[in-house]
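Structure first, commentary second.
Nothing in this text is a laboratory measurement; each read-out follows from the coordinates by a stated rule. As the structure is a computational prediction, the values presented were derived from the model and not from experiment. Please note: Cβ atoms are built from the backbone with ideal geometry, for glycine as well, and neighbour counts cover all protein chains shown.
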Amino acid sequence: MDARRAPRAVIDPIVRKVGFFTPPDPIPFEFSPSANSLSPVMIPPPRHSSENHDINSRPSVTSPSGDETIAVSGSCNSILSELFPAPMLPAQSPKIGNGDGGGIVASSFPRGGFDLTVVKASGGVPVCKLTTVSVVNADSFAIDEREKPNKGGGSTMEGKDQAMNSKQKKDKSSKAERRALQEAQRAAKAAAKAEGNKASGTATSVNVKSAKAVKAPQKVDNTSVGASEKKGGDRPSEKDRKKDVPHPRMQYDDKSRVEKAKRRAVVNQTEARNRVELFRHLPQYEHGSQLPDLEAKFFQLDPVHPSVYKVGLQYLSGDISGGNARCIAMLQAFQDAIRDYTVPSEKTLVRDLTAKISSYVSFLIECRPLSISMGNAIRFLKSQIAKLPLTLSESESKSSLQSDIENFIYEKIILADKAIVEHAVTKIRDGDVLLTYGSSSAVEMILLHAYELGKQFRVVVVDSRPRLRGKLLLRRLVEKGLSCTYTHINAVSYIMQEVTRVFLGASSVLSNGTVYSGVGTACVAMVAHSFHVPVIVCCEAFKFHERVQLDSICSNELGDPDAISKVSGREDVNDLDAWANTENLQLLNLIYDATPSDYVSMIVTDYGMIPPTSVPVVVRKYSREQVWI
Amino acid sequence: MESEAPTMENNPKISAYYQTRLAHFGVVSTEWLAQAQSATNPLLSSSTDSDTDKDTNFSVIDEFNRWRSHPDLAEAVAAIRALAAVISSSKASTMMQLEIELKNASDTLKAWDTTSISLTAASDLFMRYVTRTSALEFEDFNSAKSRLIERADKFGEISYKARKIIAMLSQDFIFDGCTILVHGFSRVVFEVLKLAAHNKKRFRVFCTEGRPDRTGLRLSHELAKLDVPVKLVIDSAVAYTMDEVDMVIVGADGVVESGGIINMMGTYQIALVAKSMNKPVYVAAESYKFARHYPLDQKDLVPAIRPVDFGVPIPLKVDVECSARDYTPPQYLTLLFTDLGVLTPSVVSDELIQLYL
């Protein structure tokens, strides 16, 4: 964890409203009604001038001229509505000044405008379009100072805003900026002592600090924005590279980290609109906007190997989906990357290659968050790299790594699947009615193998929107000649009466026996349990994880909300086309859910059939095996 | 009984395991016993046929039967002792040969009664235990062999003493004034109760009849000899008496990977009633009974048939449920008393994984 991270958690829960809610009563501002007012989250967003930049490239929605930043909130970025004192937020009113909102808000914006111009001047289209937020912080901070006298209702929030802003400011400053800040402070203190009759000494120093800080970070930020070519920007970029990979389960409601991640981002993701409050800690981006962008950049992006790039694009577009497929594709891309890799001079292979893999991983994360199996595979790869003896030559190391990856894929996925199939077919008897949900590669193999063995059974495939992956499974099964039934998940309690066994796949199984799988799996498992139908989960051992998750909320993945609002093939169903404009409507498209272990009868792995309570034993054994490899 | 005879011949062979138990503990009608014996005769002859293939006079089945005739000895322990005898009387000269011989012997034993879980489990465990030793690293075959014999004997000893260990461990759970419900006649449970009586604990026992074996009668007889207050209840009266009961202790024919048990028919029923009335269900089972099965429901077991004597002739058109045992899922069991300690059902799988993987 970042030691500099401010303990925001202390302040947040007091005011954060979690869950679905209607926006509070309208506040008499003349801001555009179409502006998003998602969050009565009282955390004052650090103003983010990068968003300005993005938004300026789009037609601004409404709002008075000069208030480009308000327009920001009117357009696609919900984060912005947080970032800026959005019109509908009553909490922000003390900040903005009751009845004086226009004026003070506007007063902040010229600075924003200044930032914009500065940013624009700094260079065409840098790889990373986002500037640091410290600039913005300075603004809000300055405003805070001005607001100090009118602490109205919500003074706690304001105090918190202030504290947080100052902390955020500190977070975002890099070393150079902080040094500049320190200098400024010393100078200010000296000045303050000299003057000696300010209203509050701290206010002065703070003001001065803010003033100085504004200038210093701006300078530094511009350079860093300029793709770290200038010397002044070298330090932040180097630091960034050191902490290259964001924590894989980064909480996306932590502004400082989001901004840091954005600075490094290769893929230009835009935040989605109308985000559900409960899932604010998960990343949600507008889908479909990055693909052309990335395709255009294909030949420009040196840091990312073309195979990795290709795989990332395939993830983004949804061409590759399914735990095993994604994992294998990623590992094969890494194989290519390692094959083409050469150690730069004065660097050790181990460290440099690890850093390179980490950068690829962060690129892939930006395209689509990692699944747990991919995380395990990456950990394996990194441990193999770390274990390379230093005496090996570069080509030997590379070939050893490539064969390691090859073995991993073969043993942990292909052979494991064979073992799983062998174990699981013993549980299929003649006359069985087997139900499966979605499309799992392991379950498909089991069903086909059982059919080849001549067992008499029929299959019920349960499917659900929006991905409708069951259709693919259905097609493949019917081609081979199995007798199948197809239904949607809303009929699962109806069809469960006929079912004798339920076979489910899993994206991962956690240490407490919780099965983490595609959304809807928990529903099917619970219905099966209530009908006393045994639920068999088929999962390779490399997908097990020592983490524990109690609900589906704390860690998940958010998909494209537009997929929910549109029904493919039914153009007449278009009631939700304008959902983004509706303030009190949020669409939630979860990708995963967690099934508690009580509903799972048995887990079939390559180690055999185990009860859900024995997962930690397998995880322990598995990690021990890794050490021996 | 003529009406029964045709049904008997149509059925697959009777589980020999239950015949043994019957012979030892049950109260049976002589007619049934005669039929049972006639049914088993082909079995014995087949086993001797296979043994004539062997060069030596040694036959593992004979050895097994010799041990098994002891009423106190668990079948699995008899198997273990027989397999240990195989090693000591083996004429093999290399380790591989010895292992092959052992494997053959173990397969023969398993084939003798395919329905007995503890037999299969014990044989497998024995093989793993013995062949996993570091003794195999020894260059000298003879010393390795003696090491193997040593381990085999030790395993036999442990298994034999398992009951004593279990009895000791379970003493803490029997408190003064408690009422225990037992089902049928399990030698392990009897050992537990015997030791408790010996330790001057004051408790009383409700003993189910245990149809169709009616082994409960034998148990009540034994317990009465120990001056333990015993009450016989018919199987249907379990729910009726469950209010007064403090705990249920049952044995097991086999403990499966999920942590559930396979035991005499009626155990599942008792466990269900006990669970719904919040009474703890304790299982006393030796560790060699841990088997690598994983039944999902009652029908998932290898069927073990045992004929039911209703005392009156049954018309041919009427079908009789003849299964001898049922499966109790782990959620109805509280604790397992084993020679490895007092365990929760989920530990069974951990132990099996450690042993087999």
Could you give the length gained by full extension between A:HIS488 and A:GLN332, i.e. 0.36 nm per residue of separation minus their alpha carbon distance, to one decimal place? 52.7 nm
Using the reciprocal of the averaged 1/r over all distinct C-alpha pairs, how large is the Kirkwood radius of region A:445-520 in Å? 13.8 Å
The percentage of Cα-Cα pairs in region A:460-599 separated by more than 26 Å is 34 percent
Gained length - A:LEU392 relative to A:GLU479, 0.36 nm times residue gap less alpha-carbon distance: 26.3 nm
For B:ASP253, A:ASP560, A:ASP340, B:ASP297, ascending order of other Cβ atoms within 10 Å (fewest first) is A:ASP340, B:ASP297, A:ASP560, B:ASP253
May I ask you to sort A:ARG351, A:ARG570, A:ARG467 by Cβ crowding, counting other Cβ atoms within 10 Å and putting the fewest first? A:ARG570, A:ARG351, A:ARG467
Nearest 0.05, what FRET efficiency do B:HIS198 and A:GLU452 give at R0 = 56 Å with Cβ-Cβ as r? 0.40
Report, to two decimal places, the Cα Rg of region A:405-504 normalised by 2.2 N^0.38 Å (N = number of residues). 1.10
Considering all projection directions equally, how large on average is the shadow of the alpha-carbon convex hull of region B:199-357, in square nanometres? 11.1 nm²
Pairs of alpha carbons in region A:416-463 whose separation is greater than 14 Å (percent): 45 percent
For B:ASN65, placing the label point 7 angstrom along Cα-to-beta-carbon and taking region B:107-122, residues whose amide nitrogen sits under 17 Å are B:108-114
Which whole number of Å³ per residue matches the convex hull of the alpha-carbon atoms in region A:351-424? 99 Å³
Pairs to check: B:LYS225/B:LYS279; A:LYS543/B:LYS299; B:LYS110/B:LYS289; A:LYS347/A:LYS382; A:LYS175/A:LYS382. Give those whose C-alpha atoms are more than 21 Å from each other in this structure. B:LYS225/B:LYS279; A:LYS543/B:LYS299; A:LYS175/A:LYS382
Compute the orientation-averaged projected area for region B:279-344 from the convex hull of its Cα atoms and round it to one decimal in nm². 6.8 nm²
Suppose we keep just the alpha-carbon trace of region A:497-572; what are its Rg and Dmax in angstrom? 15.4, 47
Total charge of the residues flanking A:HIS488 in space, meaning their Cβ is under 15 Å from its Cβ, with Lys and Arg +1 and Asp and Glu -1, is +4
I'd like the Kirkwood hydrodynamic radius of region A:526-629, using the inverse of the mean 1/r over distinct C-alpha pairs, in Å. 17.3 Å
